[in-house]
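Step one of this worksheet: look at the structure below.
Each reported figure results from applying straightforward, stated rules to the coordinates on display, with no laboratory input. This structure is a prediction, so every number in the text was calculated from the model and none was measured. Here Cβ is always computed from backbone atoms with ideal geometry, including for glycine, and neighbour counts include all displayed protein chains.
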Amino acid sequence: MKQKIGIIGYGNVGKSLVNQCRALPGFEVATIAVKHPKKHTSLGKNLLTGDALEIINNPEIDVILEAIDREEDALEYAQTALQLGKTYISANKKMLASHLPKLLRLEKVHGGQLLFEAAVGGAIPIIRVLSTHLRGQEITRIRGILNGTCNYILSQMTARSISFEKALADAQKLGFAEAQPTSDIDGHDAYYKSYLLASIIEGQQPDVSRMKVEGIRTITQADILDAKKRSQKIKLVAEIERREGKLTIDIRPRILNDQDSLYHIENETNAVEIEGPNFQKLTLIGPGAGGKPTASAMVSDLINAQQPQVAKIKQLILALP
Ligand code: HSE
């Protein structure tokens with residue numbers, strides 16, 4: 001019998017999510033919650049609801065995937081699902097960064113699961129790498145490009161000499177930007193993602209001793225040209241660093257030269273460098289924004305929620321010739 005799942009949100013990510021989940025054997029998209037069901041009747045009337053709580057309270061649905069931008073609604077849905085011991089898969093960075101400890105407590109008390117691979121770095125499996133592969137390792141620094149919209153804007157201003165406004169409009173058209181792109185261009189989106197990474201490496205609410213958040217709103221074509229003349233590029237760089245046992249988060253535009261590996265990361269691509277004394281440096285690079293890559297990370301959570309790590313390793317061993 002197929003596992004019934006519910007999806008909340010039918011925007012850029014939600015649409016890709018529905019397509020990717022429908023292509024998965026073993027799963028059935030049972031209900032999709034949308035803001036205006038009348039606008040989406042082509043999906044089938046029986047499949048739609050305007051009330052996300054209806055999906056969460058449905059006893060036949062144990063797994064809910066949510067891709068909406070409203071923080072308050074997402075929090076209510078996450079709390080309700082976790083209180084019922086269900087699996088809640090979210091891409092809502094702001095909601096997760098603001099309420100993670102509370103949600104993790106609910107997860108522990110009621111035996112549900114909160115998964116959020118898609119919240120940081122789009123398709124890059126950074127949450128899983130930090131929470132499984134690097135678990136227990138000392139991590140001294142994470143540095144990277146965590147906002148696809150800003151990187152796209154700065155790359156296009158450099159490559160095509162277009163204005164900030166034109167590049168932002170293109171990023172919005174391509175589905176990289178948030179519903180409120182101020183969150184991207186003022187550095188807040190990169191901050192939420194950095195805070196989530198900090199929470200994971202700390203294993204608790206991180207003690208952030210110093211934080212700086214500066215976006216790219218004031219970068220002009222003249223700034224880009226200046227950097228270009230010196231064979232440099234401007235990028236919005238996120239840095240999480242451990243200093244004297246405490247973490248600092250620093251998001252700001254930086255001028256990079258071509259010896260810096262982040263110099264070569266273009267458009268909506270994200271990159272995350274993780275540093276620690278035992279493994280030196282690991283770098284993960286991949287599509288960091290857009291419907292399909294973000295949905296692919298949610299699907300990865302869905303599959304992994306069903307298959308605990310040990311069972312998967314056993315399957316791999318049994319599959320060996
Ligand atoms: N607006 C975000 C970005 C989407 O541009 O990175 C992916 O989180």
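A few comments on the model shown:
- Counting DSSP beta bridges with both ends in the chain, the antiparallel % (nearest 5): 55 percent
- Computed over segment 52-95, the quotient of the alpha carbon radius of gyration and 2.2 N^0.38 Å is 1.03.
- Relative counts (whole %) of C-alpha pair distances in segment 1-132, using bins that are 5 Å wide: 2, 11, 21, 24, 22, 14, 5, 1, 0
- For the chain, the longest principal axis of the alpha carbon atoms and the long axis of helix 309-318 meet at an angle near 80°.
- Of the GluC sites (Glu not before Pro) in segment 202-270, the ones in a loop by DSSP (not H, G, I, E or B) with at most 11 other beta carbons within 10 Å are E244.
- GluC sites (Glu not before Pro) restricted to DSSP loop in segment 55-146 with at most 16 other C-beta within 10 Å: E60, E138
- Principal axes of the chain: Cα extent on each, largest first, Å: 61, 48, 45
- Estimated translational D of segment 155-301 in µm²/s (Stokes, Kirkwood radius over Cα pairs; 10 °C; 1.306 mPa s): 95 µm²/s
- Segment 79-140, Rg to Rh (Cα coordinates; Rh as Kirkwood inverse mean 1/r): 1.00
- Distance in nm between pseudo-label sites at K229 and Q205 (7 Å out along the Cβ direction from Cα): 4.9 nm
- Excluding same-chain neighbours fewer than eight residues apart, the lysines reachable from K108 by a Cα-Cα span under 18 Å are K86.
- Cα gyration tensor of segment 115-190 - equivalent ellipsoid semi-axes, whole Å, descending: 29, 13, 10
- Rounded to the nearest 500, the helix-only mean residue ellipticity at 222 nm of the chain stands at -12000 deg cm²/dmol, with each DSSP H run of n ≥ 4 adding -39,500 (n - 2.57).
- Within the same chain, lysines fewer than 8 places from K39 are excluded, and of the rest, those with a Cα less than 17 Å from its Cα are K15.
- Relative contact order (%) - segment 43-167, alpha-carbon pairs under 8 angstrom, separation at least six: 17 percent
- All alpha carbon pair distances within segment 1-42 were sorted into 5 Å bins beginning at 0; the resulting P(r) in whole percents reads 6, 22, 32, 23, 11, 4, 0.
- Cα-based Rg of segment 93-241 normalised by 2.2 N^0.38 Å, two decimals: 1.16
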